[in-house]
Amino acid sequence: MKRRIQTPAPRQGKNVKLAESHNKLPDFTHPVFCFKYLHKDYGLEQCSDQEKKSLIEQIIQISRCDWHKLQLSPRHGIGSEKIEISSLRNGVSIPYDLTEDVNFLIAFRFDGMKPIIGHRNKFIFHVFFIDRDFTLYRH
């Protein structure tokens, strides 16, 4: 008994035309901020109104730049710096599924020198910590 191999359904033909998927994400060159994984002890609840305002203003400034410009900018300006994961205070867990090959996080500064710390995944910057009182790691 011969089995017949089924051919896949056509995506386009004279009688069939499927619409393109609208779920494709563009490949942004600028950062997009995500606060889904913000740590409960280092979140917005601990920030003053002035710190919240400063944080929003800094995120707007950072969002206007592309990743390449941010990498070339001064770390205590609009740029960033790397923070070793091993330098985080004991007992602080990273609220995100990072693979073991990731050794550092990225810190941007707001309200003077206060860091917002997270991880870049393509164009998305996942914010994990708002270290407003400088207690997350040794500075």
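Each value in this text was obtained by applying a stated rule to the coordinates, not by laboratory testing. The shown structure was predicted, so the numbers you read here are calculated from the model rather than taken from an experiment. When we count neighbours, we look across all protein chains shown, and the Cβ atoms used for this are built from the backbone with ideal geometry, even at glycine.
The mean sequence distance of close C-alpha pairs (under 8 Å, at least 6 residues apart), as a share of the length of the stretch 33-130, puts its relative contact order at 37 percent. With θ taken as phi - 60° and the Karplus curve 6.51 cos²θ - 1.76 cosθ + 1.60 applied, the whole-hertz 3J(HN,Hα) list for the stretch 130-139 is 10, 8, 5, 10, 6, 10, 6, 8, 6, 9 Hz, x standing for glycine and proline. Looking at the stretch 59-139, the chymotrypsin sites (Phe, Trp or Tyr not before Pro) that sit in a DSSP loop and have at most 15 other Cβ atoms within 10 Å of their own Cβ are PHE123, PHE134. Near the amide H of TYR137, within less than 5 Å, lie the amide hydrogens of ARG89, all on another chain or at least 5 residues away, with H placed in the peptide plane. Sequence-ordered 3J(HN,Hα) estimates for the stretch 50-58 from the Karplus curve with 6.51, -1.76 and 1.60 and θ = phi - 60° stand at 5, 5, 4, 4, 5, 4, 4, 4, 5 Hz, glycine and proline given as x.
At a Förster radius of 35 Å, what calculated FRET efficiency corresponds to the Cβ-Cβ distance of TYR96 and GLN50, to the nearest 0.05? Taking R0 as 35 Å, the efficiency between TYR96 and GLN50 is 0.80. The 3J(HN,Hα) values that the Karplus relation (6.51, -1.76, 1.60; θ = phi - 60°) gives for the stretch 108-117 are, in residue order, 9, 10, 9, 6, x, 10, 6, x, 10, 10 Hz. Gly and Pro appear as x. With each label modelled as a point 7 angstrom along the Cα→C-beta vector, the PHE28-ASP133 pair spans 3.1 nm. A DSSP coil position with no more than 16 other Cβ atoms inside 10 Å describes the following GluC sites (Glu not before Pro) in the stretch 58-139: GLU100.
Out of all DSSP beta bridges with both ends in the stretch 33-130, state the antiparallel percent to the nearest 5. Just about 90 percent of them are antiparallel.
For the stretch 67-111, what percent of Cα pairs sit more than 17 Å apart? Intermediate results must be reported in sequence, preceding the final value.
Details: 427 of 990 pairs.
Roughly 43 percent, rounded to a whole number.
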